[in-house]
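*Asks:* Before we start, here is the structure in question, set down as structure tokens.
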Amino acid sequence: MFPTGPFDSGLTSRTMVSFFPTFQCALRILFALLLGHTVALEIFTDDPVLTGALDVRMPGPLAALICAVLASISIWLILGVATRTVALSGFAIYLCHELLLPDFTVFDLETAQRVIVVALLALPLVIFGGGRFSVISPHFPETV
């Protein structure tokens, strides 16, 4: 890019161009970690005194199926495979998971906060994609 003024060297535009794919990658990793955390909370007991905290419990068949799908979506997000589609399906399946929990209530503030955080992480990935740091990316690698 050409400088637009006497004090502009074009550095800010290059910085933003290199920052945005890194931000997309960070969002992808955060969303994958959140989905993995959800799966871990469903499988391991959450004992507040940490006695037997790593005891494995078997969830019901529907919850086990949802956990398996969320775990595979988490892996796909880390790798960056079809990020837009995977992020959208991950948000939808996470929402189904929250609706199927036995302690779900409509006006629960904690559930609303979790769904809003997942939506805020998934929305930029659905709109902009996964960025350059993906296994399968339509972008060409940057030259050094």
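The numbers here are math on the coordinates, done by the rules we state, and not lab data. Predicted, not measured: the structure shown is a model, and the values here were computed from it. Virtual Cβ from ideal backbone geometry, glycine too; neighbours counted across all protein chains shown.
*Asks:* Residue-wise, which Karplus ³J(HN,Hα) couplings in Hz belong to the stretch 77-82, taking 6.51 cos²θ - 1.76 cosθ + 1.60, θ = phi - 60°, and x for glycine or proline?
*Replies:* 5, 4, 6, x, 8, 6
*Asks:* Can you give the FRET efficiency to the nearest 0.05 for Phe107 and Phe23, using r as the Cβ-Cβ distance and R₀ = 41 Å? Please report the intermediate quantities before stating the final value.
*Replies:* Numbers: r = 33 Å, r/R0 = 0.81.
The value I calculate is 0.80.
*Asks:* Report ³J(HN,Hα) in whole Hz for each residue of the stretch 59-68, in order, from the Karplus equation J = 6.51 cos²θ - 1.76 cosθ + 1.60 where θ = phi - 60°; Gly and Pro get x.
*Replies:* So the J values, rounded to whole Hz, are x, x, x, 5, 5, 5, 5, 5, 5, 5.
*Asks:* Can you list residues whose amide H is under 5 Å from Gly130's amide H, if they're 5+ apart or on another chain and H is modeled 1.01 Å from N?
*Replies:* Thr83, Arg84
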